[in-house]
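Asks: Below is a structure I'd like to ask you about.
Nothing in this text is a laboratory measurement; each read-out follows from the coordinates by a stated rule. Just so it is clear, the model here is predicted, and its values are computed rather than measured. Heads up, the Cβs are rebuilt from the backbone with ideal geometry, glycines too, and the neighbour counts pull from every protein chain shown.
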Amino acid sequence: MHTPVLLKEVVEMLKAAPSKKIIDATYGEGGHTRALLEKGARVLAIDRDKKQVEGQKSLVDGPQLILRQGNFKDIVTIAQTEQFSPVDGILFDLGLSNEQLRSGGKGLSYKNLDETLDMRLDEECEMDAQTILRQYGEKDLIHMFMHNAEETLAVELSKRIALQRVGVNPLTVGWLVEVVNSVAKNNPRPTLTRVFQALRVEVNNEFENLELALKSCISLLAPEGKIAVISFHSLEDRIVKRFIRSNGYTQEGKKPVFGNSELRFERSAVLRVFHI
């Protein structure tokens, strides 16, 4: 089972208790939801990945839990449909689950070399990753790598992709890894991480969806309700921090809560909790 990131901190800062209603907008493998349920809270859990939702056969609808497939940009519509508002807390955990990375079959991890580059988390996505890599011109590829991951080798990578993609079908994880390795020869791992991040963000419109979700979910909060966001790279965290500041909301604590640097899956995590 996936170990939830910053679990203790999330449960405590959202003050989960029998009287509370909380939305887990990124259900994943259910770690945070289970902990919230154990504290007696009622939970509306949402996940974009249909496979993640369908795999939770042990968790069924009941008085304490409603589990629905959907994109968190539609959080207000989903909550209204389920008559689940106002709420005392909303959680966004922006990381992928171990299951998605390990055996999701969508090319989300650079370690699964035989998988085709898909990366779509639901059927709403207009293009999969290999279509983007085939159809984007060099300028569009450069913009994607810089805007979505601040990749310093964006120019060299884009040129190499444009050359190497010709005649290759399908475009696999292994193919992209070879391309990255040929450009970032001395230390390819950080570049691989950023390249796969940039593609996933592009395929799933992650930045746009996060901004839409943050703006809309405010209307679901009870008077003392809180929003918790766990991000895993500076660009996500920047969106959250900018949203809090530009709207004059109050962040819990002067600084965010950082993940345990000794835990590989948590070392890059940043938790911000805020209220109106």
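Asks: Helix-derived [θ] at 222 nm for the chain: sum -39500 (n - 2.57) over DSSP H runs of at least 4, divide by residue count, nearest 500?
Replies: Working: 12 runs with 116 residues, N = 276.
Helix-only estimate at 222 nm: -12000 deg cm²/dmol.
Asks: Springs between alpha-carbon pairs under 10 angstrom, Gaussian network model over the chain: which of 89, 62, 174 fluctuates most?
Replies: 62
Asks: How big is the gap, in Å, between the Cα center of the range 1-53 and the Cα center of the range 200-276?
Replies: Cα centres, the range 1-53 to the range 200-276: 16 Å.
Asks: A further question follows. So what's the angle, to the nearest 10 degrees on a 0 to 90 scale, between helix 188-204 and the longest Cα principal axis of the chain?
Replies: Relative to the chain, helix 188-204 is tipped by roughly 60 degrees.
Asks: Let me ask another. Would you look at the GNM of the chain, springs on alpha carbons closer than 10 Å, and say which of 81, 26, 172 moves the most?
Replies: The residue with the greatest mean-square fluctuation here is 81.
Asks: Let me ask something else about it. Which net charge results when you count Lys and Arg as +1 and Asp and Glu as -1 among the other residues whose beta-carbon is under 13 Å from that of residue 102? Mind dumping the intermediate values first?
Replies: Values: positive: 51, 106, 111; negative: 29, 99, 115.
Combined, the nearby Lys, Arg, Asp and Glu give 0.
Asks: Still on this structure, I have one more. Which whole-number value in Å³ per residue fits the convex hull of the alpha carbons of the range 126-203? List each step's numbers first, then the result.
Replies: Values: hull volume 6.1 nm³, N = 78.
Per-residue hull volume (Cα only) is 78 Å³.
Asks: May I ask for the angle, rounded to the nearest 10°, between helix 154-164 and the longest principal axis of the chain, with both axes built from Cα atoms and the value confined to 0 to 90°?
Replies: 60 degrees
Asks: Here's a follow-up. Could you give the dipole magnitude of the chain about its Cα centre, charging the beta-carbon of Lys and Arg +1 and that of Asp and Glu -1, in debye to the nearest 20?
Replies: Numbers: 37 positive and 38 negative charges, 136 e Å.
So the dipole magnitude of the chain works out to roughly 660 debye.
Asks: Mind checking the angle between helix 138-149 and the chain's longest principal axis? C-alpha axes, 0 to 90 degrees, to the nearest 10.
Replies: With both axes taken from Cα atoms, the answer is about 40 degrees.
Asks: Okay, moving on. Taking 20 Å as the cut-off for C-alpha to C-alpha distance, list the pairs among 139/159; 8/241; 8/50; 73/215; 8/111; 50/111 that go past it. Display every interim value, and only then the final one.
Replies: On the way: 139/159 9 Å; 8/241 22 Å; 8/50 27 Å; 73/215 9 Å; 8/111 30 Å; 50/111 23 Å.
Pairs exceeding 20 Å: 8/241; 8/50; 8/111; 50/111.
Asks: Taking the Cα centre of the range 126-203 as the origin, how large is its charge dipole in debye, to the nearest 20, when only Lys and Arg (+1) and Asp and Glu (-1) carry charge on their Cβ atoms? Don't skip to the end; give the middle numbers.
Replies: Details: 9 positive and 9 negative charges, 50 e Å.
So the magnitude is around 240 debye.
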